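A quick write-up on the structure given underneath.
The values are calculated or read from the model by the stated rules, or taken from the named source; none is laboratory data. Quick caveat, the model's predicted, so the values are computed rather than measured. Cβ coordinates were reconstructed from backbone atoms using ideal geometry, including for glycine residues, and neighbour counts include every protein chain displayed. Quick note on the areas: whole protein, heavy atoms, side chains included, nothing else; ligands and nucleic acids left out. Shrake-Rupley method; radii C 1.70, N 1.55, O 1.52, S 1.80 Å.
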Amino acid sequence: MSLPDYYTRPREDILPYIPAGTNRVLDVGCGAGFFGETMLRTGAAQEVWGIEYVPEMAEAARSRLTRVETGDAMQILPTMPHGHFDVISFTDVLEHLAWPDEALKLAKPLLAPGGVVVASLPNVRYFNALWEIVWLGEFRYQDEGIFDRTHLRFFTQKTIPEWFERGGFQVRTLVGINPNPGRKFNLLNRLLLRKLEDCRWLQFAIVADPKP
């Protein structure tokens, strides 16, 4: 079976945010399991469970992960064992949910003491996206990226912590990843006294602690 690129990315850019000593991970929206496989291969985790909505991708993930559940994460999360996971990961998943904060609330009791949520989210203020909207006057849905037609929520560096707060978490780390190094952006950012610095990043990586 040929797997779409969207589901097969190993997400090595997220590995640095998986805490040292992590044993068990729940990867929500695990796709074909390549991120989980990367964690297992590199020793970033010893056990990776996955939840995946698309049956074909879930089936592909079963050969790579410890355990995979197929279906809607909002229905499956309440069936997962409480206090079991050191990390629950949402890599480019929360933006596809109607209520990301509710998913975080469901994930919270599944964390072991000291456990964290690790996530990545697209940045709607990414320069290339702003250029299309502000300069070209376009907002065209696409198969993936900022304008992914399946995105239900949009995030900025400023609003991300608010969503996590509503979900019962406090953001510990919020870091831009996958930058735009383009000359056009660098010039405009300098002219505007670096007011566009957050527009440099395609995505943000997040590590969040559950609030008491």
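For the stretch 64-212, please report how many Lys pairs fall under 28 Å Cα to Cα, leaving out neighbours fewer than 8 apart on the same chain. Mind dumping the intermediate values first?
Working: Lys105/Lys158; Lys105/Lys211; Lys108/Lys158; Lys108/Lys211; Lys158/Lys184; Lys158/Lys195; Lys158/Lys211; Lys184/Lys195.
Close lysine pairs found across the stretch 64-212: 8.
Please identify the chymotrypsin sites (Phe, Trp or Tyr not before Pro) of the stretch 77-143 that satisfy two criteria: DSSP loop assignment and at most 12 other Cβ atoms within 10 Å. Which are they? All intermediate terms of the calculation are to be shown ahead of the outcome.
Details: sites: Phe85, Phe90, Tyr126, Phe127, Trp131, Trp135, Phe139, Tyr141; in loops: Tyr126, Phe139, Tyr141.
Of the chymotrypsin sites (Phe, Trp or Tyr not before Pro), the ones in loops of the stretch 77-143 whose Cβ has at most 12 other Cβ atoms within 10 Å are Phe139, Tyr141.
What number comes out for accessible area per residue over the chain if the probe is 1.4 Å? Units Å², please. If you can, show how the numbers build up before the last one.
On the way: 10610 Å² over 212 residues.
Averaged over the residues of the chain, the accessible area is 50 Å².
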For this session: Kindly report, to the nearest 10 Å², the accessible surface of Met80 as traced by a 1.4 Å probe over protein heavy atoms only.
Result: 10
Exercise. Whose amide H sits under 5 Å from the amide H of Thr91, counting only residues 5 or more places off or on another chain, with H placed in the peptide plane?
Worked result: Val28, Ser120
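Pairs of alpha-carbon atoms within less than 8 angstrom and 6+ residues apart define the contacts here; what relative contact order does the stretch 8-60 have, in percent? Don't skip to the answer; put the middle values down first.
Details: 84 pairs, mean separation 21.5, N = 53.
Relative contact order here is 41 percent.
Net charge near Tyr53, counting Lys/Arg +1 and Asp/Glu -1 over other residues with Cβ under 11 Å of its Cβ? Kindly include the intermediate steps, with their values, before the conclusion.
Working: positive: none; negative: Glu52, Glu56, Glu69, Asp72.
Here the count lands on -4.
I need to check one value: relative contact order of the stretch 98-198, counting alpha carbon pairs closer than 8 Å and at least 6 residues apart, in percent. Provide the component values of the computation, followed by the final result.
Details: 61 pairs, mean separation 33.9, N = 101.
Here the relative contact order equals 34 percent.
Below 12 angstrom from the Cβ of Ala98, what's the summed charge of the other residues (Lys, Arg +1; Asp, Glu -1)? Mind dumping the intermediate values first?
On the way: positive: Arg153; negative: Asp72, Glu95, Asp101, Glu102.
Around Ala98, the surrounding residues sum to -3.
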For this session: Using Cα pairs closer than 8 Å and at least 6 residues apart in sequence, work out the relative contact order for the chain, in percent.
Result: 18
For this session: Could you compute the FRET efficiency for Gln170 and Arg190, with r as their C-beta to C-beta distance and R0 at 25 Å, rounded to 0.05?
Result: 0.15
For this session: Quick one: pull the percent of accessible area on the chain belonging to carbon and sulfur, 1.4 Å probe, ligands and nucleic acids left out.
Result: 54
Exercise. Size of the dipole of the stretch 61-212 about the Cα centre, Lys and Arg at +1 and Asp and Glu at -1 on the beta carbon, nothing else charged, in debye to 20?
Worked result: 480
